[in-house]
Each structure stands twice: as C-alpha cells, then as structure tokens.
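The values are calculated or read from the model by the stated rules, or taken from the named source; none is laboratory data. Everything numeric in this text was worked out from a predicted model, so none of it was measured. Quick reminder, even Gly has a Cβ in these numbers, built from the backbone with ideal geometry, and neighbours come from all protein chains shown.
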Amino acid sequence: MVAPDTELAAKIQSDVPHAARIWNYWMGGKDNFQADRAAGDAVAEVYPEIVLMAQHSRRFLVRAVRYLAAEAGVRQFLDIGTGLPTMQNTHAVAQQVAPESRIVYVDNDPMVLVHARALLANTTSEGVTTYVPADYHDPETILAEAARTLDFDQPIAVMFMGVLGYEPDLDVLRSIVQRTMDATPSGSHLVLWDGTDTSPEVVAGAERLAQNGGVPYILRSPQDLADCFTGLTMVEPGLVPIPLWRPDDADAEAIDAYGAVARKP
C-alpha cells in the first residue's frame, strides 16, 4: 500500500543533498533545497557542462520516446528511476504520438512520489499513466507491479535514464538490466544513458559531488555501457554521446554522457 502524501513528505530530508533534487536544480527546476543547490554548484564549479548534460538528457529522452512511439510502434513504457517530473516527461511525449500508450514510472524517493501523484497525470483518455514505489535493485518487484498496467506479452520500452551510475558495482548494474529485459518479449527495447569517464573535468565533477554530501555517482566507460546492451540489436546510430543520438540540431556536440536504444530480437 502506498503511504499517504503526508507520510511521504515527512520522509523528505531537506538538509541533505539528494540526487533527484540536485538534477532538478541543474535542469532549472524549482523542486530543490539549499543543500541541493550547494552541492550542484560545487559540481558546476569544476564541470560547468553538467547543466548542459542535464538539458541534453531530457532532449535525449524526448527523441528516444518519440522514435519508439512513432517509428518502432511501441505502446508501453517502463521508466525506471523517474526522478522529479519536469516538462516533457515520458508519458506526455508517448501519448502525444500514440494516445493509447501506457506508462509506468518507478522510483523509490519520497519527494518523487509526492510529485508523481500531482504531476504525472494521464494526458489522454485512451492511455494509462501510473507509478510504482520501488528500487531498481529489486527488478522482480518492479516487474510484478508493472504487470498490473503493462501487458508483458507485448513489446515494452524499458528506460534507465542516467540513474545506474548510483550503483557502484558494474556486475550488479548489468544484472539489473538483464533481469528486467529478460522479462520482456521480442520487440521490446532498452533505452539507457549514463555519465561517462570521458574527460578529466567530469571526473572532477563526480568527486566534488561526493565531497559535498551527494550520493556518489560512478562514471562508466562507454564500453561498460555498451556491455549492458549485450544480446540486443542497436538502433542506429548505436551508443553515442546523447546529443548525437538522432539529433534535431545539426550542430550538436558530444558531451560526457553516452546513450543508446536497442531492440530485443
């Protein structure tokens, strides 16, 4: 049973930097506290591109979801590690293309869940938008709860958008992805992006995050991320810096975050 909003709100620690709220701050949102802004500013001092990365992460989500709904014909989305709602969330993009789309958001953060109730409302009468309070370390619970809304006999887009860096063990990370994808049928897709250790500046930014009370974020190599797609068929252009994945802007430039979309045969 989901706790009432008052109980969820009571769990929010405003004086401790929190990943979802720091990210919200970098994206220009207002759902953050002074502790989050201080940690976010500390990172930006050594890695100013973090703000750009945050913006590009949302643009990558929009392009990926639009592709899946419009070109790949996917009508079901499992967005794991949702984070705080901002503009152009998964359900809004998918249901704009295909009004009957069904979306399940997953997060274990109380502030995210409070906002989910208020903001992740269905945008069409034909579709369904809901959320599951769960941790991505427990795929079996996520899958069982998602099955209340999604049909696991039909293709599903599984999304891990910049969240797996909070798991320090690469083998555990791969297991989470594999166990989740194993439950989906042929024609399903994996959408994944994460920060990469591709510049000294971004490495310094990750160190600053931990030094200022943020949850440590483990930067991976592009090859580490590529291994998460083992057994799947990459959609062109494959694993690339997220601004370069089917960009709307011809002048898009690389950044220290790689992502891809891949299809389950």
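Residues in the stretch 127-149: is at least one within 28 Å of P237 (Cβ to Cβ) and of a type in the set (G, A, S)? No: the stretch 127-149 contains no residue that is within 28 Å of P237 (Cβ to Cβ) and of a type in the set (G, A, S). I'm checking my understanding of the structure. Among residues of the stretch 69-98 that are under 18 Å from M27 (Cα atoms) and surrounded by fewer than 19 Cβ atoms within 10 Å (Cβ to Cβ), which one is modelled with the highest pLDDT? Only one residue tops the list, namely Q88. Looking only at the stretch 61-75, residues that are farther than 15 Å from M87 by Cα and either in contact with a Lys or Arg (Cβ under 7 Å, 6 or more places away or on another chain) or of a type in the set (A, V, I, L, M) (or both) come to 8 in all.
Here E71, E100 are screened, and the one residue that is farther than 20 Å from T130 by Cβ and among the acidic types (D, E) is E71. Every listed requirement among (1) in contact with a Phe, Trp or Tyr (Cβ under 7 Å, 6 or more places away or on another chain); (2) under 25 Å from F33 (Cβ atoms) is met by D109 save one, (1).
Tell me whether the stretch 213-226 contains one or more residues that are outside any helix (DSSP H, G or I), basic (K, R) and more than 18 Å from the chain's Cα centre (by Cα). No. Apart from one condition, H91 fits all of (1) over 26 Å from R21 (Cα atoms); (2) of a type outside the set (S, T, Y); (3) out of contact with any Asp or Glu (no Cβ under 6 Å at 6 or more places or on another chain); the exception is (1).
Entry remark, the stretch 69-84: residues being assigned to a loop (DSSP other than H, G, I, E, B) and not hydroxyl-bearing (S, T, Y) number 8 in total. Among the conditions (1) more than 30 Å from E145 (Cα to Cα); (2) outside any loop (DSSP other than H, G, I, E, B); (3) at pLDDT below 90; (4) acidic (D, E), the only one that D15 does not satisfy is (2).
As an exercise: evaluate D251 against (1) surrounded by fewer than 21 Cβ atoms within 10 Å (Cβ to Cβ); (2) farther than 18 Å from S57 by Cβ; (3) modelled with pLDDT of 95 or more and give the number of the one condition it does not meet. For D251, the exception is condition (3). Taking the criterion of being assigned to a helix (DSSP H, G or I) and farther than 19 Å from R63 by Cα, the only residue of the stretch 227-248 that qualifies is D227. For the stretch 210-250, the set of residues classified as out of contact with any helix residue (DSSP H, G or I) (no Cβ under 8 Å at 6 or more places or on another chain) and within 26 Å of V46 (Cβ to Cβ) consists of A210, S221, P222, Q223, L225, V240, P241, L244, listed by residue number. The set of residues in the stretch 21-68 being small (G, A, S), surrounded by fewer than 23 Cβ atoms within 10 Å (Cβ to Cβ) and assigned to a helix (DSSP H, G or I) consists of A35, A38, A42, A44, A54. Evaluated against (1) in contact (Cβ under 8 Å) with a residue 40 or more places away in the chain; (2) within 26 Å of V43 (Cα to Cα); (3) not aromatic (F, W, Y), D169 falls short on exactly one condition, (1). Does at least one position in the stretch 239-260 carry a residue that is more than 30 Å from Q13 (Cα to Cα) and among the basic types (K, R)? Scanning the stretch 239-260, I find at least one residue that is more than 30 Å from Q13 (Cα to Cα) and among the basic types (K, R), so the answer is yes.
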